[in-house]
Amino acid sequence: GTMNISVEAMILGAAFSGAVGYDLTNSTIVGLLFAVGAGLIISAVQANMSYRLNVNQFVTGLTLNVLVLALVGFLLASLKPVSKIATELKIPLLSDIPLVGGALFEQAWPIYLLFPLIFVGWWLLYKTRWGLEARAAGENPTSAKATAVPVLKRQRQAIYFCGISAGLSGGYLLLGQVGRFEINIVGGQGFIVLAAVIFGGWKLRGAMLGCAIFGFVTAFRLILPALDYRINAELLAALPFLVTIALIAIVAHGRKATQPAALGGF
């Protein structure tokens, strides 16, 4: 039932911290740990401001997005961390699968952390008492409180898990994809994450489908110039966001919203 709009700040802060961690130790693992730590710290601010001090969660999220962007820009100018893409790991047999083998199983090794993360997220939400209580906190917090569920605590913990996941994604973005930190490395993908959740009806499999669609659009945008198709560069850059708006409009018009009944405390 939380409205956590500071995902952009979590990913950006994690990517920068991952670069600092790698620069200090020349270790991809340490860089990823730094990234996860940064995501967790930012999520702790969001969670405790919103669900302990009762500060407006939208204001908190927007403030964190602006604050982290400014802080990272300031630190980048003085620290100038150096990093690179992690070692490529090729999985035998699976990497030979036509079309998708190389894309999924012949990549920088941090990408393989995605698969257990999906399983852990599914297991936590749907196979544990914690997940049942967390979902109850978003659907009917009053009834959940009546059955001794610590609603605010579960909401904070859900945001912590989001911070860990976003931290890992920022680390992967830096050390598994780009290799060098730049201030625009995230480029609004944290907001596309929120759109993917809405598109997916606040369900894990739906959000995964939304992420896959937006990932395909981003890849399509990058592939066209490589194939020597001449399309307006600004239009290509805006394509993922145009698709985001279109899909959200289709979802809003085509079916009932399946958001948690007490989303955002309403």
The number of Lys pairs in the chain whose alpha carbons lie under 25 Å apart, excluding pairs fewer than 8 residues apart on one chain, is 7
Under the Karplus relation with 6.51, -1.76 and 1.60 and θ = phi - 60°, whole-Hz ³J(HN,Hα) for region 177-185, x at Gly and Pro, equal 10, 8, x, 9, 6, 9, 4, 9, 5
Listed residues G163, G37, G13; largest mean-square fluctuation, Gaussian network over the chain with Cα springs below 10 Å, found at G37
Sorted by chain and number, the residues with a modelled amide H under 5 Å from that of F181, at a separation of 5 or more or across chains, are S83
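Keeping all protein chains in place, calculate the accessible area per residue for region 1-115 (probe 1.4 angstrom), answer in Å². The partial results should precede the final answer.
Values: 6040 Å² over 115 residues.
Counting only protein heavy atoms, the per-residue value for region 1-115 is 52 Å².
State to the nearest 20 debye the size of the charge dipole of the chain about its Cα centre, where the only charges are +1 on K and R beta carbons and -1 on D and E beta carbons. Can you show the working numbers first?
Values: 18 positive and 10 negative charges, 174 e Å.
Charge dipole of the chain: 840 debye, to the nearest 20.
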Which residues qualify? For V186, with a placed amide H closer than 5 Å and at least 5 residues away or on another chain, they are none
The percentage of the accessible area of the chain (probe 1.4 Å, all protein chains present) made up of carbon and sulfur atoms, to the nearest whole number, is 70
For L89, other-chain or 5+-apart residues with amide H closer than 5 Å (H placed, Pro excluded) are Q107, A108, W109
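Once Rh is set to the Kirkwood radius over Cα pairs, what Stokes-Einstein translational diffusion coefficient, in µm²/s, holds for the chain at a temperature of 4 °C and a viscosity of 1.567 mPa s?
On the way: Rh = 19.7 Å.
For the chosen part, D equals 66 µm²/s.
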Helix 189-199: inclination vs the chain longest Cα principal axis, degrees, rounded to 10, gives 50
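So if each residue of separation counts as 0.36 nm, and I subtract the Cα-Cα distance between W123 and A237, what length gain in nm does that give?
On the way: separation 114, 0.36 × 114 = 41.04 nm, distance 3.61 nm.
Using 0.36 nm per residue and subtracting the Cα-Cα distance, I get 37.4 nm.
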Rounded to the nearest 10 Å², the 1.4 Å probe accessible area of K203 is 100
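Would you kindly state how much longer the chain becomes between K145 and I85 on full extension, computed as 0.36 nm times their sequence separation minus their alpha carbon distance, in nm to one decimal?
On the way: separation 60, 0.36 × 60 = 21.60 nm, distance 4.67 nm.
Length gained between K145 and I85: 16.9 nm.
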Quick calc: nm separation of the 7 Å Cα→Cβ label points for L67 and R52 -> 1.3
With the dipole of the chain defined by +1 on each Lys or Arg Cβ and -1 on each Asp or Glu Cβ, the option from L40, P141, Q189 whose Cα lies farthest towards the positive pole is P141
In a Gaussian network model of the chain with springs linking alpha carbons closer than 10 Å, the residue among L125, L235, L40 that fluctuates most is L235
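The values are calculated or read from the model by the stated rules, or taken from the named source; none is laboratory data. As the structure is a prediction and not an experimental result, all values here were calculated from the model. Note that each Cβ is placed from the backbone with ideal geometry, even for glycine, and that neighbours are counted across all protein chains shown. Just the protein is used for accessible areas: all its heavy atoms, side chains included, with ligands, DNA and RNA removed. Shrake-Rupley method; radii C 1.70, N 1.55, O 1.52, S 1.80 Å.
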